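Colleague: Encoded as structure tokens, here's the structure I'll be asking about.
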Amino acid sequence: MSRRVEKIERVADLLFVLLNAKEPLTLVQIASMVPGYPTEEEARRTSFERDKKTLRDSGIHITVSAPNSSAQDGYQILAADYYLPDLSLSDSERKALRLALASVRFEGTVHAEIAVKIGADPESALPAVMELPREAALGTLGVAVQQRSVVTFTYHGTKRTIEPGSLYFRSGHWYLIGRNHPEGVTGLVGVIRTFRVDRIQGAIGVGEPDAFEPSDHPNFAQEIAFSLRSSIDADETAEPRTLLELLVDPSATASVIEVIGQDVVLARDEEGRAKVVFPIADEEAVISWILGLGSAAEVLAPVALRDQIIDRLRLLAAEAPPDASAFPEVPRSGSVRSSGSPQRSVRSALDAGARLRRMIAMLTFLANEGAATIPELASRFGIDEQTVTAELELAACFGRPPYTPDELLEVIIIDDEVYVNQLESLERPLRLTPDEGFALAAAARTLLQVEGVTPNSPLATGLAKLESVLGEHHVHVEVTIPPLLEELRRSAATNKVIEIDYLASGQTNAQVRRVEPYAVPFREGRFYLDAFCREADDWRRFAVTNIVAVRVTDEPGETRTLPTEFLGSRAFVESEDTTQAVIVAGASHRYFLEPLVDDPLLAIDDDRVLAVVSVGDPEWLGRLLLRLGAGAQVISPPALRSAKADAATDALGRY
């Protein structure tokens with residue numbers, strides 16, 4: 001009686017069979033060589049198609065052609081499509097790319113697998129300095145940009161046909177910049193448009209390569225800034241109608257500049273308030289954004305827009321809270337959510353393709369190193385030791401027909417030391433998947449910008465060699481460097497107590513905090529200081545843009561362990577003061593609300609939704625409700641039902 005073959009084993013055997021095939025193999029031949037396929041023809045075809053998709057989703061190209069002896073399709077993996085070409089990286093270039101991978105990480109991406117493929121030592125134990133959001137569509141869009149393929153997708157309910165030009169990271173989000181065409185029409189008639197990647201709906205269609213000539217897109221920084229000023233999701237073709245003059249308090253200046261750019265700051269007064277001037281195209285979107293700033297901003301001109309803001313605030317301040325009993329109960333997952341900090345979920349249970357990629361990476365590492373300990377493999381690949389052992393035991397079943405001992409991988413574990421033989425086909429690293437290539441390029445470009453590395457540095461030349469083989473992704477990463485960033489980084493390295501003058505949210509005067517700095521991470525588009533606050537007698541996370549002064553003392557800090565909740569990819573760290581609030585808002589705001597919540601939005605009717613948001617600061621909740629406009633209210637808890645009226649009243653005080 002034959003043993004049951006696990007899917008990952010069958011897929012691995014399929015990989016080795018197709019890679020070692022001298023000519024294309026038909027499905028009948030493959031099924032006779034790879035254990036685990038059903039005997040019934042239709043079921044066998046279905047299983048094979050799924051396995052083939054698993055390999056292709058892992059970045060492994062399968063060539064389909066007719067074998068010499070059959071009219072049926074034949075399948076083969078060519079060495080040129082499977083192995084990564086020689087990058088000719090120097091030791092310093094490998095180390096620089098390794099540092100980029102260790103320092104700048106994508107959520108849910110196993111960077112140790114990428115490091116193995118480029119011949120760099122994977123050091124997953126290093127703490128990530130920066131975390132970038134990982135959207136499922138980035139790899140697909142990156143390849144489309146590379147090969148100049150037209151993409152189609154649905155955006156805010158409308159089908160789009162785009163010649164993609166570049167991918168741009170700014171203020172915590174990824175954007176696609178490209179030429180938008182009427183459906184089915186390409187050429188020069190399109191208009192440059194910007195799309196937020198996490199708001200692309202459904203599957204992305206990718207056309208044939210070299211479908212259009214690269215066009216001279218506007219300066220990327222100017223395009224992204226203009227799009228944000230004009231409401232990035234608007235699709236207007238009209239020119240801006242008017243200039244907005246806005247006076248912004250110091251506590252909100254940094255966040256405003258992140259949205260609309262440093263070039264719009266006209267002047268600062270003696271109190272540190274900034275006067276910003278910029279053109280607007282979508283007046284309603286701008287009103288919503290200004291309302292969301294609450295009492296931290298005041299419209300100076302035009303007068304008509306200022307009057308509209310005042311009238312809107314009066315209506316919002318007078319709006320009566322709804323009857324909570326009229327709304328259904330919202331099912332909750334029990335997870336705590338950040339106040340305005342998007343958190344994308346990553347599955348802990350890997351599918352067969354992800355497991356195969358991880359196992360191949362481990363085996364490739366062993367093929368090049370000769371041996372490694374189980375704890376070392378667990379540390380490098382971010383899994384526990386029991387999982388390492390289980391995966392290696394399964395890998396011992398991988399091989400080629402006739403699956404005799406000399407054709408199977410030989411895995412030897414002595415104490416904790418692991419040796420693997422029969423790895424000739426894995427001594428050369430695999431090609432990077434689209435997601436991996438994008439992650440490596442983005443990590444390198446981020447570090448190039450943040451660290452101010454010169455164009456001739458090992459990181460820059462290593463990236464150039466990589467892109468000469470893989471193709472340039474046209475990835476642009478914009479990171480705002482706060483004035484005190486380097487000083488705070490140095491302070492964190494010395495373990496000395498520092499005094500900071502900190503502008504908390506909604507405050508006009510900075511407070512002095514004595515803190516023990518630990519690290520300066522980059523989360524969701526901003527830099528933060530993680531420190532033990534002497535005043536609070538607890539750990540706190542401070543936005544670096546809100547730190548206006550730093551004074552280093554001679555007092556040494558204590559040896560402390562950073563709480564685990566500070567190590568995640570989200571910016572907001574909940575505390576015992578965090579409260580979950582249920583709010584009702586217009587259904588048209590679903591795209592704004594969805595990144596703020598873990599639990600799905602609950603549709604009440606065609607016009608309204610319920611959402612659960614975690615609140616660490618009632619003033620933040622009030623500003624959120626102002627931005628959501630009329631009808632947005634707190635359902636529970638009762639203590640927060642006045643948040644909107646309070647925020648509107650405070651904002652009216654500016655006028």
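Any read-out appearing in this document is the output of simple, stated calculations on the displayed coordinates, not a laboratory observation. From a predicted model like this one, the values you see are computed outputs, not experimental measurements. Glycine gets a Cβ as well: all are built from the backbone with ideal geometry, and neighbour counts include every protein chain shown.
Colleague: Determine ³J(HN,Hα), in whole Hz, for all residues of segment 248-262 in sequence, where each value follows from phi through the Karplus function 6.51 cos²θ - 1.76 cosθ + 1.60 and θ = phi - 60°; x replaces Gly and Pro.
Modeller: Taking θ as phi minus 60°, the curve returns 10, 5, x, 5, 10, 4, 4, 5, 5, 5, 4, 7, 10, x, 5 Hz for segment 248-262.
Colleague: Taking amide hydrogens as modeled 1.01 Å from N in the peptide plane, which residues meet the under 5 Å criterion relative to ALA301, leaving out close sequence neighbours?
Modeller: GLU245
Colleague: Can you give me the long-range amide H partners of TRP174? Hydrogens built in the peptide plane at 1.01 Å from N, cutoff under 5 Å, separation of 5 or more residues or another chain.
Modeller: Counting only residues 5 or more places away or on other chains, the set is VAL197, ASP198.
Colleague: Take the alpha carbon atoms of segment 357-382, find their center, do the same for segment 9-36, and report the distance between the two centers in whole angstrom.
Modeller: Here the two parts' Cα centres lie 25 Å apart.
Colleague: Next up: Starting from the amide H of ALA531, placed 1.01 Å from N in the peptide plane, find each other amide H under 5 Å away whose residue is 5 or more places distant or on another chain.
Modeller: TYR518, ARG540, PHE542
Colleague: Also: Could you give the nm distance between label points at GLU107 and ILE412, where each point is 7 Å from its Cα heading toward the beta carbon?
Modeller: Each label point lies 7 Å from its Cα, and together they span 4.5 nm.
Colleague: Now for a different question. Lysines within cross-link reach of LYS275: Cα-Cα under 30 Å, excluding same-chain residues under 8 positions apart?
Modeller: Leaving aside lysines fewer than 8 places away in the same chain, those within reach of LYS275 are LYS644.
Colleague: By per-residue mean of other Cβ atoms within 10 Å, what is the highest-first order of 155-165, 10-20?
Modeller: Going from most to least packed, we get 10-20, 155-165.
Colleague: How would you order 477-490, 93-106 from highest to lowest mean count of nearby Cβ atoms within 10 Å? Don't skip to the answer; put the middle values down first.
Modeller: Working: 477-490: 17.1, 93-106: 22.9.
Most protected by this proxy first, the peptides run 93-106, 477-490.
Colleague: Using 1/(1 + (r/R0)^6) with R0 = 22 angstrom and r between the beta carbons of ARG560 and GLU499, what's the FRET efficiency to the nearest 0.05?
Modeller: 0.75
Colleague: Treat each spin label as a single point 7 Å out from the Cα along the C-beta direction, and report the SER468 to LEU567 distance in nm.
Modeller: Calculated label separation equals 4.0 nm.
Colleague: From the gyration tensor of the Cα coordinates in segment 1-82, what semi-axes in whole Å does the equivalent ellipsoid have, largest first, with each one equal to sqrt(5λ)?
Modeller: Details: eigenvalues 75, 49, 25 Å².
Output for segment 1-82: semi-axes of 19, 16, 11 Å.
Colleague: Let's test the formula: R0 of 22 Å, r as the Cβ-Cβ distance of GLU270 and GLN308. What FRET efficiency results, to the nearest 0.05? Could the numbers behind the result be given before it?
Modeller: On the way: r = 29 Å, r/R0 = 1.33.
The pair GLU270/GLN308 has a calculated efficiency of 0.15.
Colleague: When the label point is put 7 Å from the Cα of SER588 along its Cα-to-beta-carbon vector, which residues of segment 596-627 have a backbone N closer than 13 Å?
Modeller: 607-608
Colleague: What's the extension gain from ALA318 to GLU213 if we count 0.36 nm per residue and subtract their Cα-Cα distance?
Modeller: On the way: separation 105, 0.36 × 105 = 37.80 nm, distance 5.57 nm.
Contour length minus Cα-Cα distance gives 32.2 nm.
Colleague: For the pair GLU451 and GLU49, what calculated FRET efficiency results from E = 1/(1 + (r/R0)^6), where r is the Cβ-Cβ distance and R0 = 41 Å, to the nearest 0.05?
Modeller: 0.35
Colleague: What does the charge count around ALA326 come to, taking other residues whose C-beta lies under 13 Å from its C-beta (Lys +1, Arg +1, Asp -1, Glu -1)?
Modeller: -2
Colleague: Let me ask you something else. Which order do peptides 319-328, 306-315 fall in by mean Cβ count within 10 Å, highest first?
Modeller: 306-315, 319-328
Colleague: Still on this model: Taking θ as phi - 60°, what are the ³J(HN,Hα) couplings along segment 562-579 by the Karplus curve (6.51, -1.76, 1.60), each to the nearest whole Hz, with x for Gly and Pro?
Modeller: Each residue of segment 562-579 in turn: 5, x, 4, 5, 7, 8, x, 8, 8, 7, 6, 10, 5, 9, 5, 8, 5, 10 Hz.
Colleague: Could you calculate the contour length gain from LEU652 to ASN368, that is, 0.36 nm times the residue separation minus the distance between their Cα atoms, to one decimal place in nm?
Modeller: Details: separation 284, 0.36 × 284 = 102.24 nm, distance 6.70 nm.
Gain on stretching LEU652 to ASN368: 95.5 nm.
Colleague: Determine ³J(HN,Hα), in whole Hz, for all residues of segment 43-57 in sequence, where each value follows from phi through the Karplus function 6.51 cos²θ - 1.76 cosθ + 1.60 and θ = phi - 60°; x replaces Gly and Pro.
Modeller: 5, 5, 4, 4, 5, 5, 4, 5, 5, 4, 5, 4, 5, 5, 5
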